[in-house]
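Below: one structure, written as structure tokens.
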């Protein structure tokens, strides 16, 4: 039995199009509840969220919206190199257009890895609209553990089989996707990047989730994200992808977090 109304759509972004997907649960009050906006990681896409968005929609009773960033998945190719300000730019330029297309006023920002960084930037840039922030395996500064993990991945992607698996989701955009991740994060010009400024601007409650065995970031990141703003959830034995490694635990934690913050009868404003 279908539990959500799943819909795909293309968002016009200048001369380009972004692939989007939304999951609306068949709950009577779902339209009154603040929707969740999902932001994917450096190699991610809508499809790579797997079953997580639908389960999140059903369990929270909220609409969930995800999209492929420009250059990823089924969105159009990126017209050039990824700018060093790409994290902040996504929050400032793309998120408001996405919200406008979907008629979203207030929202809950939820992101994985660099998508979590974008969720932090989004919460800071739109404090009057972001009701809650959930980060999953997000980074807040450049540390050697992150760079070491990327170097390992860089070596692993020399294997044609690994490259082919990634190409299932990104097609002929795969080389660009890899360079946008590896080339950007290993660039000396990116070495001083931090989220100190945006974190200082976050005004909503925060849940920072991190795997104990995350190969791309130490526990300093979730502690830094949640300090004075909310709570951390450290998942024992879990690595960098909690929504696949511990999906049930993660969904339950988000449900509990949101249930304590937002009343079931909440009304989503019509505008921002």
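Assorted remarks:
- Failed condition for residue 59, given (1) in contact with a helix residue (DSSP H, G or I) (Cβ under 8 Å, 6 or more places away or on another chain); (2) farther than 25 Å from residue 194 by Cα; (3) in a strand (DSSP E or B): (3)
- Residue in the stretch 164-179 that is part of a loop (DSSP other than H, G, I, E, B) and either modelled with pLDDT under 95 or surrounded by fewer than 19 Cβ atoms within 10 Å (Cβ to Cβ) (or both) present: no
- Residues being surrounded by fewer than 21 Cβ atoms within 10 Å (Cβ to Cβ) and assigned to a helix (DSSP H, G or I) - total across the stretch 28-48: 4
- Residues that are at pLDDT 95 or above and either in contact with a helix residue (DSSP H, G or I) (Cβ under 6 Å, 6 or more places away or on another chain) or crowded, with 22+ Cβ neighbours inside 10 Å (or both), drawn from the stretch 5-20: 18
- Test: residue 24 is more than 20 Å from residue 261 (Cα to Cα), at pLDDT below 95 and surrounded by fewer than 21 Cβ atoms within 10 Å (Cβ to Cβ): no
- Selection of first residues in the stretch 3-18 that are in contact (Cβ under 8 Å) with a residue 12 or more places away in the chain and on the phi > 0 side of the Ramachandran plot and of second residues that are part of a strand (DSSP E or B) and surrounded by 14 or more Cβ atoms within 10 Å (Cβ to Cβ), restricted to Cβ pairs under 6 Å at least 6 apart or on distinct chains, gives an empty result.
- Subset of the stretch 70-115 (residues that are under 16 Å from residue 35 (Cβ atoms), touching a helix residue (DSSP H, G or I) at 6+ places or on another chain (Cβ under 6 Å) and in a helix (DSSP H, G or I)): 95
- Subset tally (residues that are part of a helix (DSSP H, G or I), out of contact with any helix residue (DSSP H, G or I) (no Cβ under 7 Å at 6 or more places or on another chain) and buried (at least 18 other Cβ atoms within 10 Å of the Cβ)) for the stretch 116-145: 3
- Filtering the stretch 230-242 to residues that are at negative phi and either surrounded by fewer than 19 Cβ atoms within 10 Å (Cβ to Cβ) or at pLDDT below 95 (or both) leaves 231, 232, 234, 236, 239.
The values are calculated or read from the model by the stated rules, or taken from the named source; none is laboratory data. Remember, it's a predicted structure, so these values are computed and weren't measured experimentally. Note: ideal-geometry Cβ built from the backbone for every residue, glycine included; neighbour counts use all protein chains shown.
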